[in-house]
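The values are calculated or read from the model by the stated rules, or taken from the named source; none is laboratory data. In this text, all values refer to a predicted model and were calculated from it rather than measured experimentally. Note: ideal-geometry Cβ built from the backbone for every residue, glycine included; neighbour counts use all protein chains shown. Ligands, DNA and RNA are stripped out before the accessible areas are found, and what is left, the full protein with its side chains, is counted by its heavy atoms. Shrake-Rupley method; radii C 1.70, N 1.55, O 1.52, S 1.80 Å.
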Amino acid sequence: MADRVYFFDTTLRDGEQAPGYSMNLEEKIKIAKQLEALGVDIIEAGFAISSPGDKESVTAIAGAIKNCTVASLARALKKDIDAAYDAVKHAVSPRIHLFLATSDLHLQYKLKMSREEALERIKENVRYASSLCSNVEFSLEDATRTDLDYMCRVVELAIKEGATTVNLPDTVGYSTPDEIALMVSYVRNHVPNVDKAILSMHCHNDLGLAVSNSMAGVVAGARQIECTLCGIGERAGNAAMEELAMLMHTRPDLYPYQNNIVTTEITRSARLLSSTTGVKINPSKAIVGQNAFAHESGIHQHGVMANSKTYEIMTPESVGLTQTNLVLGKHSGQHAFTKKLVELGYDLPKEDVDRLFAEFKKLTDRKKTISDRDIIALVESTEDVK
Ligand code: KIV
Ligand code: ZN
């Protein structure tokens, strides 16, 4: 089995569904371009049928992105698939991503259909999507609470009808790594045509296990992981893209998988998301929080000065934090200040930079030297920054 793992980023779909993260067209294009620079393989740009605005942004992203596959989500319904295909069809590499729930709980109470009726619906709609587009993903919503033998029938059928990727979501973040490993192994051992498609993980973080569960799936044979910047998404969010990428980067002994992620673009991507949505990054957030590479205690500072490996398992440079000689203080001008903002990954409109520069000048009256952390705190504490 190839050891290449594909990153499917759903910041602009599952991520945007989280309260406080909605973005306009221009903002979505900016994020999509940054995701392209970050090296994700697939950008899920939205859910075309869900609103005219969503369709417009999926279409615009499909036109603007050259180096990633662009996907739109669709329910297993002809009208959804038509809208999705219409939005992505001009992309360099389009994908239709359709889904249907397969757990008895969802079939009985949400979809009000039997297992056999669901199979019929999957057959018809995967076949239809494949007649439009050669790149089709089918997701078994609530896979982790689906009967394993029924799951195998669904996966086999979806692949037979043309699905090139089959996704097994932990929709409600209920599973554990052991269970995920068992599920993926079971599918790989019981579905005869399984090697004709890529298996994918899509893990939610309700119990804080989204990243561990995704990697358990990869170790068991999945080769696509669905994730979002900073782990944003429904409820407690999705698997955090930066954690998955740095886990593989830092522990190739455990996870010897190749991917296309340019890790030095991680900080810039997370900060762009934060400055675009106005939602601050938790200071303790792994990889991208402002404290992730900070050392406060004397013992730690002493250790890091002697050898950074004492308390740093990855270098700040590897995630795009620059170590510059540009010291900011009361004599610094707006040019140096703007340069520092860019180095720290912020891409802000001029009026925000002007306002922040005025705040920065006030700060220099109180503090002799201004650290990167001071600048980050300044940006993140300015409520109006959008
Ligand atoms: O969580 C989920 O099951 C989803 C699917 C639509 C892929 O987001
Ligand atoms: Zn989801």
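What the table below lists for this structure:
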| read-out | value |
| --- | --- |
| Number of positions in segment 1-29 that are closer than 30 Å to SER185 by Cβ, touching a helix residue (DSSP H, G or I) at 6+ places or on another chain (Cβ under 6 Å) and either in a helix (DSSP H, G or I) or small (Gly, Ala, Ser) (or both) | 1 |
| Checking GLU156 against (1) more than 16 Å from ligand 1 (Cβ to nearest atom); (2) surrounded by fewer than 17 Cβ atoms within 10 Å (Cβ to Cβ); (3) charged (D, E, K, R), the condition it does not meet | (2) |
| HIS90, sole failed condition from (1) part of a helix (DSSP H, G or I); (2) surrounded by fewer than 23 Cβ atoms within 10 Å (Cβ to Cβ) | (1) |
| Unmet requirement for SER175, which otherwise passes all of (1) within 16 Å of ligand 1 (Cβ to nearest atom); (2) polar (S, T, N, Q); (3) in contact with a Pro (Cβ under 6 Å, 6 or more places away or on another chain) | (3) |
| Answer residue from segment 178-190, given it is open to solvent by less than 100 Å² (accessible area, probe 1.4 Å) and of a type in the set (D, E, K, R) and is farthest from ligand 1 (Cβ to nearest atom) among those | ARG188 |
| Extreme residue, farthest from PRO94 (Cα to Cα), among residues of segment 156-178 that are acidic (Asp, Glu) and touching a strand residue (DSSP E or B) at 6+ places or on another chain (Cβ under 9 Å) | ASP170 |
| Selection within segment 327-386 - surrounded by 12 or more Cβ atoms within 10 Å (Cβ to Cβ), part of a helix (DSSP H, G or I) and acidic (Asp, Glu) | GLU343, ASP352, ASP354, GLU359, ASP372, ASP374, GLU380 |
| Among (1) part of a strand (DSSP E or B); (2) under 14 Å from LEU229 (Cβ atoms); (3) touching a helix residue (DSSP H, G or I) at 6+ places or on another chain (Cβ under 7 Å) - the single one ALA32 does not satisfy | (1) |
| Looking only at segment 203-238, and only at residues there that are within 12 Å of ligand 1 (Cβ to nearest atom) and at positive phi, the one that is surrounded by the fewest Cβ atoms within 10 Å (Cβ to Cβ) | ARG235 |
| Enumeration of residues in segment 48-74 that are closer than 22 Å to PHE138 by Cα and surrounded by fewer than 18 Cβ atoms within 10 Å (Cβ to Cβ) | SER51 |
| Conditions (1) assigned to a helix (DSSP H, G or I); (2) more than 27 Å from ILE96 (Cβ to Cβ); (3) among the hydrophobic types (A, V, I, L, M, F, W, C): number failed by ALA236 | (1) |
